[in-house]
Amino acid sequence: NSDLILYVNLELVNKKSDRRYIVEEMLGQGTFGQVAKCWDAETNSYVAVKVIKNQPAFYQQAIMEVSLLSMLNEKFDPDDQHHIVRMLDFFPWKNHLCITFEMLGHNLYELLKKNNLRGLQLQFVRTFSRQILDALIVMKGAGIIHCDLKPENILITPKVNSAAGVKVIDFGSACMEGKTIYSYIQSRYYRSPEVLLGYPYTTAIDMWSFGCIVAELYIGLPLFPGASEYDVLSRMIEIVGGQPPDDLLREAKNTRKFFKHVGSIYPGNEAHNGLRSSYRILTEDEVEARDSKKPKIGKWYFPRGRLDRLIFAYPWKNLNEGNLPETEKEDCLALVDFLRGLVEFDPNKRWSP
Ligand code: ATP
Ligand code: MG
Ligand code: MG
């Protein structure tokens, strides 16, 4: 990709001394490799080193991560003001590409877990959301789609003046808008309807994932924790209401995995989902008949219901609309309104950052 080569000068990287990074502990494992907390003997500070698996496909994808992130860091956020992780260095080591990042804190999933999955106070949801949006504005400006936004890929920053903050990490699945290669992207719970359905995608898919994250930060559990893609889609339809627009369904590659064509739009077929549509989602029986060889999908015991009910009456605090404090009630209304702009089925109507 000629736009990006500028930012990767592999010649620079072979001059590192052997003992610069001393591994202290493992911070995380992902699909692409392992991340270690290391002492950097040259700068006398801690860094996080991502050691990519030593297979060619991972190596190539990691070069993409390095390219996109150095472009974001150097060209679009030179003063480190937009909540995107800083890449410090990269070098090959025994056929592994290693990428060095500034050392950050826990990821947001770990934070939610520490809070017994009961959700964060609204003030933190608001602060973190604003900062993630700041990062998304920069990414959109650079034409970069993250493709894997989820709580695990948002990290708490070490406290500066005791103000809470976050940064977006893991550009290992990112790509340039208009140069999309892969169709199987995003983590399932945070996968946008257009990706599920196999339709051309844009930076709007990150806004869908962002909506899922904001809701999860408040309620403490994933918004669409589907055990399969069908399960995710049927949860979306149930919780958000509505369904993807007909023209998207008509053109998407995977529509028939999930929907049944019920003829052209005519008054009277609103019966399906209460919508005027030429499509309706398959029933569970139809899916089971289709996948009869597959094992039954395990159910998550998560309260299903409309988005506003989920936000107002999520069970962990045993609150309902009636006994929410007046100020929090207003905030909840605003939060539901905000979420509706994000978990919008139509990518063209979905809010941009
Ligand atoms: P995925 O499976 O999500 O694609 P990955 O293999 O691409 O993961 P990362 O998401 O980059 O790897 O890192 C994995 C985990 O390591 C993160 O979720 C985080 O907990 C930890 N980690 C990554 N970078 C840092 C950092 N700079 N500071 C502290 N911890 C980090
Ligand atoms: Mg990750
Ligand atoms: Mg990744």
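Determine whether region 83-100 contains at least one residue that is without any contact (Cβ under 8 Å) to a residue 40 or more places away in the chain and within 16 Å of ligand 3 (Cβ to nearest atom).
yes
Identify the residue in region 107-127 that is among the charged types (D, E, K, R) and surrounded by fewer than 17 Cβ atoms within 10 Å (Cβ to Cβ) and, among all such residues, is nearest to ligand 1 (Cβ to nearest atom).
It comes out as Glu110.
Does at least one position in region 146-167 carry a residue that is aliphatic (A, V, I, L, M), closer than 26 Å to Ile185 by Cβ, in contact (Cβ under 8 Å) with a residue 12 or more places away in the chain and part of a helix (DSSP H, G or I)?
No, region 146-167 has no match at all.
Quick check on this structure: which one of Tyr46, Tyr59 is more than 16 Å from ligand 2 (Cβ to nearest atom) and either at pLDDT below 95 or among the β-branched types (Val, Ile, Thr) (or both)?
Answer to the check: Tyr59.
Consider Ser70 against the criteria (1) over 23 Å from Gly143 (Cβ atoms); (2) touching a residue at least 24 places away in the same chain (Cβ under 8 Å); (3) in contact with a strand residue (DSSP E or B) (Cβ under 7 Å, 6 or more places away or on another chain): it satisfies all of them except one. Which criterion is unmet?
The number of the failed condition is (1).
Looking at region 194-250, which of the residues that are among the small types (Gly, Ala, Ser) and more than 26 Å from Arg290 (Cβ to Cβ) is surrounded by the fewest Cβ atoms within 10 Å (Cβ to Cβ)?
Restricting to residues being among the small types (Gly, Ala, Ser) and more than 26 Å from Arg290 (Cβ to Cβ), the top hit is Gly220.
Mind listing just one residue for me: the one in region 23-35 that is in contact with a Lys or Arg (Cβ under 8 Å, 6 or more places away or on another chain) and within 16 Å of ligand 2 (Cβ to nearest atom) and, of those, farthest from Ser173 (Cα to Cα)?
Going through the qualifying residues, I end up with Met26.
So, Gly105, is that one under 19 Å from Lys37 (Cα atoms), of a type outside the set (A, V, I, L, M) and not in a strand (DSSP E or B) or not?
When the stated conditions are applied, Gly105 passes them.
Within the bounds of region 39-52, is there any residue that is among the acidic types (Asp, Glu), crowded, with 19+ Cβ neighbours inside 10 Å and in contact (Cβ under 8 Å) with a residue 60 or more places away in the chain?
No, region 39-52 has no match at all.
If I go through region 330-345 residue by residue, how many of them are surrounded by 15 or more Cβ atoms within 10 Å (Cβ to Cβ), farther than 16 Å from Asp206 by Cβ and of a type in the set (D, E, K, R)?
Qualifying residue count, region 330-345: 2.
The values are calculated or read from the model by the stated rules, or taken from the named source; none is laboratory data. A quick note: this is a predicted structure, and the numbers were derived from the prediction, not measured. Every residue, glycine as well, gets a Cβ built from its backbone with ideal geometry; the counts of neighbours run over all protein chains shown.
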